[in-house]
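Trainee: Quick one: structure below, then a few questions.
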Amino acid sequence: MTMAIPLKYNIRSLLVRRVSTAMTAGGIALVVAVFVIVMAMVAGLGSAISDTGSPDNVVVVRKGSTTETSSAVQLDQFDALKFLPQIKRDADGNPLASPELPVQVLMQRSGGASDNVVVRGVLPVALQVHQNVHLIEGRMFKPALNQVIVGKALVGRYANTSVGSTLHFGRGNWKVVGIFDAGGSSFESEVWADIHNVQDDTQRGAYYACARLKMVPGTEVEGLIRRIADDPRINLQAQTETDYYKDQSVVANQLRALGMIVAIIMGIGAVFAAMNTMYAAVSARTTEIGTLRALGFRPGAVLGSFLLESLALAVAAGMLGVILALPINGFSTSFGNFVTFSTMAFAFRVTPAVVLQALLFAAVMGVLGGWLPARQAMRMQVVEALRKG
């Protein structure tokens, strides 16, 4: 039976070399902290996009369109859509079909600068179709009036977004009559107004950009999508909201890739720091290694011991890095969405998955940094090690 070197031996060694241990741990901790911050940003942005969609809804756009802002749905097409048998109805028998017209407008920030913000033209039925959207202050706008409701992520960030204020965009003035919550989704970064007023203000003509339909529970989604595409009265393209926003998450995916590249580059430096620390440890403990071998510990036990030491150092540093990055959790900021060309608010999210990824990243750095020094320690011959000591 192979004997294992006690873990307390490695812990004692790390504590004896306080300065080099602290410097290496600090380097790894900073790399992990940066990794956590980037991944928390990606998680928050991805959540804001993915939470916008509901599996019970389908988004209908013009064939070939990849976004709702580049689409057009004619009025007669929408009339045919809303009476499909797969569309759910409310208690009064009205179809839960929401025609929508999102447009970009310039709005002034509280600090003075201006950003693109989405103004979404809708009808009151939108609140029944988008079930994660609900008013938290004020009331719904009245049709045919220049009134708006504002997503809560805009309140305070932009001027004149409180209830009772007047927003200035397009060709008119719009009174804020309500504030809505959308469960952290990207809708919270929008302003909603009567669709007919938005059409008139933007001179878009008598068409909508897209339609959102709430399906009857148990609807065969693929069948509905084929019906919408093949019906000559409709001839449009449809997909579930969840799939639609998954396709829109290209920005989050690009940020994730960029963050991984930055983390890997910084991680390489941390690996060399850990390697240098472990080489110094092997050099300083040559006699100890020879003694361990003389006591009967096999080369594999020596290899495992030094790898474990490097791993323990890296994981402990990784935990420190996670702690350093935790204050970013819940921090709200805004980001330019290159798909809609508008500003979207989101919150950093340090999720359990992000923490696990960070600790695994730290562990990989520890193993890579400790592998070569551990192999050197394993290959030492007993007599040679004792003589060098």
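Just so it is clear, none of the values below were taken in a lab; they were calculated from the coordinates. Computed from a predicted structure; not experimentally measured. Cβ sites come from the backbone with ideal geometry, for glycine too, and all protein chains shown count toward neighbours.
Trainee: Tally Lys and Arg at +1 and Asp and Glu at -1 over the other residues with C-beta under 11 Å from the C-beta of ASP201: what net charge comes out?
Mentor: 0
Trainee: Tell me which aspartates and glutamates have Cα within less than 12 Å of LYS246's Cα, excluding those fewer than 8 residues away on the same chain?
Mentor: Within the straight-line limit of under 12 Å, LYS246 reaches these aspartates and glutamates: ASP51.
Trainee: Using packing as a proxy for protection, rank 132-145, 152-165, 94-107 so that the peptide with the highest average count of other Cβ atoms within 10 Å comes first.
Mentor: 94-107, 152-165, 132-145
Trainee: By counting other Cβ atoms within 10 Å of each Cβ, how are ASP231, ASP115, ASP92, ASP194 ranked from fewest to most?
Mentor: ASP92, ASP231, ASP115, ASP194
Trainee: Computed FRET efficiency, Cβ-Cβ of ASP90 and LEU360, R0 41 Å: what is it to the nearest 0.05?
Mentor: The pair ASP90/LEU360 has a calculated efficiency of 0.25.
Trainee: So how strong a dipole does the range 63-235 carry about its Cα centre when Lys and Arg Cβ are +1 and Asp and Glu Cβ are -1, to the nearest 20 debye?
Mentor: It works out to roughly 180 debye.
Trainee: In addition: Using alpha carbon centroids, what distance separates the range 81-114 and the range 201-275, in Å?
Mentor: That distance is 18 Å.
Trainee: Just grab the label-to-label distance for ASP76 and GLU222, each label 7 Å out from Cα along the Cβ direction, in nm (one decimal).
Mentor: According to this spin-label approximation, the distance is 3.2 nm.
Trainee: Can I ask one more? Which loop trypsin sites (Lys or Arg not before Pro) in the range 51-117, with loop taken from DSSP, have no more than 11 other Cβ atoms within 10 angstrom of their Cβ?
Mentor: LYS63
Trainee: List VAL58, VAL315 from most exposed to least, where exposure is judged by having the fewest other Cβ atoms within 10 Å.
Mentor: Ranking VAL58, VAL315 by Cβ neighbours within 10 Å, fewest first, gives VAL315, VAL58.
Trainee: Could you grab the Rg to Rh ratio for the range 63-235? Cα atoms only, Kirkwood for Rh.
Mentor: In the range 63-235, Rg relative to Rh is 0.99.
Trainee: Just the Cα atoms of the range 59-139: what Rg and Dmax do they give in Å?
Mentor: Rg, Dmax (Cα atoms, Å): 15.8, 50.
Trainee: In addition: Using modelled amide H (1.01 Å from N, peptide plane; none on Pro or chain starts), what sits under 5 Å from the amide H of LYS88, excluding residues fewer than 5 places away?
Mentor: Under 5 Å from the amide H of LYS88 lie the amide H atoms of LEU96, LYS214, MET215, VAL216, each far enough along the sequence or on another chain.
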